[in-house]
1. Would you point out the residue of region 93-118, among those that are in a helix (DSSP H, G or I) and in contact with a strand residue (DSSP E or B) (Cβ under 7 Å, 6 or more places away or on another chain), that is nearest to ASP10 (Cα to Cα)?
2. So which residues in region 2-15 are surrounded by fewer than 20 Cβ atoms within 10 Å (Cβ to Cβ) and either in contact with a strand residue (DSSP E or B) (Cβ under 6 Å, 6 or more places away or on another chain) or farther than 12 Å from GLY274 by Cβ (or both)?
3. Assigned by TED's automatic domain parsing to the domain that holds ALA363 and under 11 Å from the mean Cα position of the chain (by Cα) - does that describe any residue in region 410-431?
4. Take the residues of region 317-347 that are more than 16 Å from ligand 2 (Cβ to nearest atom) and in a helix (DSSP H, G or I): which is farthest from CYS437 (Cα to Cα)?
5. Search region 275-295 for residues that are free of Cβ contacts under 8 Å to residues at least 12 places away in the same chain and pair each with any residue that is among the β-branched types (Val, Ile, Thr) when their beta-carbon atoms are under 7 Å apart and the residues are at least 6 apart or on different chains.
6. Looking at ASP503 and the list (1) in contact with a Gly (Cβ under 9 Å, 6 or more places away or on another chain); (2) surrounded by fewer than 14 Cβ atoms within 10 Å (Cβ to Cβ), which single condition is not satisfied?
7. Hey, does region 145-154 have a residue that's within 16 Å of ligand 1 (Cβ to nearest atom), part of a helix (DSSP H, G or I), at negative phi and surrounded by fewer than 18 Cβ atoms within 10 Å (Cβ to Cβ)?
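The values are calculated or read from the model by the stated rules, or taken from the named source; none is laboratory data. Treat the numbers as computed from the prediction; the structure is a model and nothing was measured. Every residue, glycine among them, receives a Cβ derived from its backbone with ideal geometry; neighbour counts consider all protein chains shown.
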Amino acid sequence: SRSLRLILGDQLTRSLSSLSDLGEDDVVLMVEVGDETSYVRHHPQKIALILSAMRHFAEELRGRGVTVDYVTLDDPDNTHSFGGELARAVKRHDPARIIVTEPGEWRVWEMMGDWESDLDLPVEIRTDDRFYCSREAFAELVAAGKTTRMEYFYREMRRRTGLLMEGDGPAGGDWNFDAENRKALPKGLELPHRMRFRPDETTQEVLELVAARFDNHFGDLEGFGWAVTRDEALRALRHFIKDCLPTFGDYQDAMKAGEDFLFHGVLSPYLNLGLLTAAEVCEKAQQAWQDGDVPLNAAEGFIRQILGWREFVRGIYWTEMPGYEDSNFLNAKRDLPEMYWGAGTRMRCMEDCIGTTRRNAYAHHIQRLMVTGNFALLAGVAPRQIEKWYLEVYADAFEWVELPNVHGMVMHADGGRLGSKPYAASGSYINRMSDYCGACSYDLKQKTGEDACPFNYLYWNFLIENEEALGDNRRMGLMFANLRKKDKAERDRITGSAKAFLDGGEWP
Ligand code: FAD
Ligand code: DLZ
Ligand code: SF4
């Protein structure tokens, strides 16, 4: 009896659970639908990457003799929803059952719950085993109290997977080598030339489709250089391990104007779409360390991002959904300023981070966390607005990974489920980790007033505005102790500068 297997745009993995035990009569269904291309105003490169990777994946399956039914976005009969396209495909193929792999997002998980009754067919939903930690395994860890913080979860995952382990203990005697990973970039350090991919004919077609339909979305389409096949993604991985990983750890937190990728993986879209799996990426990084090509601090720092953070935020997402996005612990309400959409700003750090976002549908972690994220936190932007921005503008953005990072890690809107304190920082942090401030038209050394670096007074203003909510947070004790040393006149200068900036200045 025939089964119909719906493969979603972020499930492009040959070993996917819903692609195992394919029978000869079975049909794989892939659909480009308006509901997915438009549920937020995705960056054009993100849409192009997903559609091109979907089309290439369909071809690859066909090449292996699999029957693939593929519906394009410009198909005149397209109903533009997963449910609608499944219903049409059921008519075409008359399957006995539907097989899917659980989706990445709650939104789609809810839809799936209706399909059995809507289609009057059994719907089998299989576990997504591309993750090290299943939703069930994470729920068990929650119950056992082992997920309060990423670091404990990560150690548990190291033990379970054996990655970077020596016997029962961590390789090198420490679980975490971050103390070695906070160097600023030395002047004159040569940066690796990053691998980009030239669009083939399939990608060209998609680029034309996206240019025609989504040209009013924020972001450049020209310069598209993403890998769109597994082979290309594997080449990108090899390039990263060889040319960047050896230095990744040292400069993991560094930023440099005009240098968009530094030593970062630029692999997150491939991981999230399934062109690469977390396991193969971590194992290759471990191998490079075992071969003596990569120091331990680099391999550990990189593996922690994937085995630790990536798995942890996914677990948080699925244990806290639905409703995770509803909290607003700091009661932040301001509108997202126009500079996030490229309106131009005198803040050089923001300009550079928003610029790479527009050019590449990418910014590296520290730019997302300590510049655009930190600004939204300090300025008290409404969590839903900044969350939507992150979901739209990055090629790697899917709600399961975006929401915990923004709602939890950056905005502390969850009151501390994800991280014990917000990463609030003033201009001096940005100055220490980057070369932005020297050529900025704001003055890092001035604390208040028209020409002062806005991060300076916004930082203190954030503490003043949130003294009630955060004053008892033990990990912020030093910050608040310093605030309490400020006299009324200084506090007034801070709140006055912040008000002038937030009410006028660069605000829309
Ligand atoms: P590298 O620095 O090379 O790191 C290696 C890999 O580790 C990444 O490819 C990614 O898969 C994983 N990783 C690292 N940090 C995290 C993290 N905090 N959470 C989950 N995975 C992580 N990542 C996304 O994949 N999608 C998002 O929508 C997303 N939104 C973010 C929003 C904010 C506000 C912040 C602070 C972080 C966000 N991240 C997101 C995490 C991280 O910034 C990106 O994964 C990373 O910048 C991708 O670039 P890279 O591949 O060069 O990463
Ligand atoms: C993000 C996205 C986009 C832009 N387009 C499609 C699409 O046309 N067809 C599809 O199957 N998937 C697409 N996706 C990815 C889905 O939104 C993603 O699979 C769900 O959000 C579940 O994670
Ligand atoms: Fe950013 Fe302030 Fe530095 Fe300017 S001075 S680049 S606004 S941190």
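1. MET112
2. The answer is ARG2, and nothing else.
3. Step one: of region 410-431, the residues assigned by TED's automatic domain parsing to the domain that holds ALA363 are 410-431.
Retained after the next criterion (residues that are under 11 Å from the mean Cα position of the chain (by Cα)): none.
No; the residues of region 410-431 include none that is assigned by TED's automatic domain parsing to the domain that holds ALA363 and under 11 Å from the mean Cα position of the chain (by Cα).
4. Within region 317-347, the match that is farthest from CYS437 (Cα to Cα) is THR319.
5. Between residues of region 275-295 that are free of Cβ contacts under 8 Å to residues at least 12 places away in the same chain and residues that are among the β-branched types (Val, Ile, Thr), there is no close pair.
6. (1)
7. Checked against the condition, which is being within 16 Å of ligand 1 (Cβ to nearest atom), part of a helix (DSSP H, G or I), at negative phi and surrounded by fewer than 18 Cβ atoms within 10 Å (Cβ to Cβ), region 145-154 yields at least one hit.
Let's see how each residue does on (1) at pLDDT below 95; (2) more than 10 Å from ligand 3 (Cβ to nearest atom); (3) small (Gly, Ala, Ser):
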site	(1), (2), (3)
ARG384	no, yes, no
TYR394	no, yes, no
ASP414	no, yes, no
GLY427	no, no, yes
CYS437	no, no, no
SER441	no, no, yes
LYS445	no, no, no
GLU450	yes, yes, no
CYS453	no, no, no
